[in-house]
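The values are calculated or read from the model by the stated rules, or taken from the named source; none is laboratory data. Remember, it's a predicted structure, so these values are computed and weren't measured experimentally. Reconstructed Cβ throughout: ideal geometry from the backbone, glycine too, with neighbour counts over all protein chains shown. Heavy atoms of the whole protein, side chains included, go into the accessibility calculation; ligands, DNA and RNA do not. Shrake-Rupley method; radii C 1.70, N 1.55, O 1.52, S 1.80 Å.
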Amino acid sequence: MANASKPNVLIFLCDQLRIDLLTCYQETLVRTPNITELAGDSCLFERAYTPLALCSPARASLLTGLYPHGHHMFNNSTPYYSYCEHMRPDVTMLQDWVDEEGEYESGWFGKWHIGPAQDLFDSRFHHTHSEPYEGGPVFLDSSHWHPNTRIAPLVQSVGRGTAGTLDVTMEGFPDVVAARYTQEFLQTRDRSKPFFATCSFPGPHFPWMVPEEWGIRYDPDDIEMWGNRYDTFDGKPINQRKIRLLYGAQAGGLSSEEQDQELKELLACCFSYIELIDAMVGEVVATLKQQGLYDDTAIIFTADHGDMAGSHGLMNKGAYMYDETYRIPMLLKRPGAREATRSSAFVHLMDVTATCLHLMTGTEQDSLSGRSLHGQTLLPLAEGEADWPRSMHYAQYHGDPWGHYSSRMVTDGRWKLVWNLTDLCELYDLENDPHELHNRFYDPDLDDVRTACFDYLLAEAKRTGDAQVFLLKPEHEMAIQGIPVPGSS
């Protein structure tokens, strides 16, 4: 059973959740009272980021503590376009370590997407949800679990059939099923051991569909357009313009006004989906409390990445590194903690790995089965210690279904530099341009800013073994626009 030195560890992992849609982060139309209540007992990290804004790479990073170049899940593990359906076989994941150590009971319930669904069933998790064809919902054979018309037909159709309500009961809906498996585990587990478990919600990943009995709970007319809905992409990478044209073509000839109205209707479904997930968080936490486990359990609430959701005229995520997709929510409730704190330190998903190891061993860990971690424990920050060595966040991008496209990003909260290895680079002044509309990379007056960002980027690439960036030189990027390199003849 759990005690002060061996607490339980529970992770709530959402898929594609923007931090600006959570009331614990800022004022928003979306109602998330249960997540806000959890935040009341937690340390809220204001500057949390994903290492790569795609599902499979980010999820693999959470369980390995490594950037994608370390675990080799570069792209989404999706048939037909992915070149990395399975993760690098010699990398240890948290469930492997837990099984080897033998002191914890582990479980994963819900969306997997670190390889095919069979990879989860073949993993060393002690408990997972049912395997396909053992009865139960049709989505059990999927690594995604996303709600769609495979589950049930649409009742209310929104966005020309891309969102709406499904003719399915609440108990047959994927996110509810993930919560129910987690609750069953909490109620029936081996009480002689502490547990390490993840409740992995498939939402609010698009398509934004909810059960008809839950319903669409927001009025589209109450939803305001994003401040960066309209981006001209002047002076920006050509790849972004191509993707924007793709989404424009998918609009089916709708006018700009009609597209905006359709987006509001879609967002009403998205907000309803988030509210449903919030309700499930509340029910799982209620089960913890009913079982007398809440105070002995560390809880981490986070997401693999965010969602453009119409910002910059883009949907989902892709070959761009805007804050909408790279910033993520992150809460850490320490065992026994009953206070709300906030941290502005730069943290990321690999810190969750190190934090889980710290919680389960009682001491800080810098490696997992002999391989150095790319993150570090969040417990000192949550306990109020101010010393944190990371002054920027470093992130990556390696590919997507529209063509493989490699980028690196660093941000210190004021400036963000994106090094697109085969395209124009980007530099945004987040203080004066929070919507990231104006690319300042080729401004000759910002040489000191570019240099500081590139210095940190290259140092972090060297520290973590990300060798690809060393094939190119930052000073050549200015020459692309005919701008002289400082110090050159």
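In segment 281-316, which residues are within 21 Å of ARG338 (Cα to Cα) and in a helix (DSSP H, G or I)?
VAL281, GLY282, GLU283, VAL284, VAL285, ALA286, THR287, LEU288, LYS289, GLN290
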Count - residues of segment 79-110 that are out of contact with any His (no Cβ under 6 Å at 6 or more places or on another chain) and within 19 Å of PHE201 (Cβ to Cβ) = 4
Expected output for segment 73-93 (first residue farther than 14 Å from LEU63 by Cα, partner open to solvent by 50 Å² or more (accessible area, probe 1.4 Å) and hydroxyl-bearing (Ser, Thr, Tyr), Cβ below 7 Å, 6+ apart or cross-chain) is ASN75/TYR83
Exactly one of ASP231, ASP190, ASP219 is surrounded by 15 or more Cβ atoms within 10 Å (Cβ to Cβ) and of a type in the set (Asp, Glu), and that residue is ASP231
Filter segment 336-348 for residues that are open to solvent by less than 50 Å² (accessible area, probe 1.4 Å) and modelled with pLDDT of 95 or more; the one that is nearest to GLN16 (Cα to Cα) is HIS348
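If the requirement is being surrounded by 23 or more Cβ atoms within 10 Å (Cβ to Cβ) and closer than 30 Å to SER256 by Cβ, which of these qualifies: ASP307, ASP323, ASP351?
That would be ASP307, the only listed residue that is surrounded by 23 or more Cβ atoms within 10 Å (Cβ to Cβ) and closer than 30 Å to SER256 by Cβ.
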Inside segment 94-141, the number of residues satisfying the requirement of being of a type in the set (Lys, Arg) and in contact (Cβ under 8 Å) with a residue 60 or more places away in the chain is 1
Selected residue (only one of LEU276, LEU332, LEU267 is outside any loop (DSSP other than H, G, I, E, B), farther than 30 Å from GLU171 by Cβ and open to solvent by less than 10 Å² (accessible area, probe 1.4 Å)) | LEU332
